[in-house]
Structures are given as structure tokens and as C-alpha cells.
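Student: Quick one: the structure is below, questions incoming.
The values are calculated or read from the model by the stated rules, or taken from the named source; none is laboratory data. Since we're looking at a predicted model, the values are computed, not measured. Glycine gets a Cβ as well: all are built from the backbone with ideal geometry, and neighbour counts include every protein chain shown. All accessible areas refer to the heavy atoms of the entire protein, side chains included, with ligands and DNA or RNA removed. Shrake-Rupley method; radii C 1.70, N 1.55, O 1.52, S 1.80 Å.
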Amino acid sequence: MLIKHQGKRPTIHESALIAPDATICGDVVIGANTCILFGAIISAAGDKVEIGSNCVVMENAVIRGTPKHP
């Protein structure tokens, strides 16, 4: 699920693999060949989140960007 938040949408490289039940919200950038696995939540509700290339975000992981820790 891709969610627009405060006018910003996730940017996902075309080669990235996103599980159908992952949630990606707001100003999130996901790099090439990265895998976001089942149940993962990546939320940029507070500040930007950047996940580089060739990364794996494991099942049910939660990643949040905050103003103090983008």
C-alpha cells in the first residue's frame, strides 16, 4: 500500500520488490534492487526516509522518519 502524506508520495525504483501487504507512507525513497518484505511499514510521517540500493527490509519491520532522526 502506497500512501500520500502531506502532499508527498513514495518514490520507488522500478527494480525494487515490494510485498503486497507492505505499507509505504509519505516522502520515502527506495533504491534499486531493494526488497521490502511482508508486513513491513515505512513511514515518513515526520521526516524523509531514504533506503538505498540492494537493501532488504525484513518482515514486519517498522521504519519511521522523525524530525530529529530522518
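Student: For the chain, what is the relative contact order in percent, using Cα pairs closer than 8 Å and at least 6 residues apart in sequence? Numbers along the way, then the final one.
Tutor: Values: 195 pairs, mean separation 19.0, N = 70.
Relative CO of the chain lands at 27 percent.
Student: Mind checking the per residue accessible area of the chain for me, 1.4 Å probe, whole number of Å²? Let's see the in-between values first.
Tutor: Details: 4290 Å² over 70 residues.
About 61 Å² of surface per residue is accessible.
Student: Summarise the accessible area of the chain (1.4 Å probe, protein heavy atoms) by the percent that is carbon and sulfur. Don't skip to the answer; put the middle values down first.
Tutor: Details: 2340 of 4290 Å².
The C+S portion of the solvent-accessible surface of the chain is 54 percent.
Student: Let me ask something else about it. The chain: D in µm²/s via Stokes-Einstein (Kirkwood Rh, Cα pairs, 10 °C, 1.306 mPa s)? Provide the component values of the computation, followed by the final result.
Tutor: Numbers: Rh = 11.6 Å.
The estimated diffusion coefficient comes to 137 µm²/s.
Student: Select from the chain those trypsin sites (Lys or Arg not before Pro) which occupy a DSSP coil region and have at most 16 other Cβ atoms within 10 Å, ordered by residue number. Don't skip to the answer; put the middle values down first.
Tutor: Details: sites: K4, K8, K48, R64, K68; in loops: K4, K68.
Passing sites in the chain are K4, K68.
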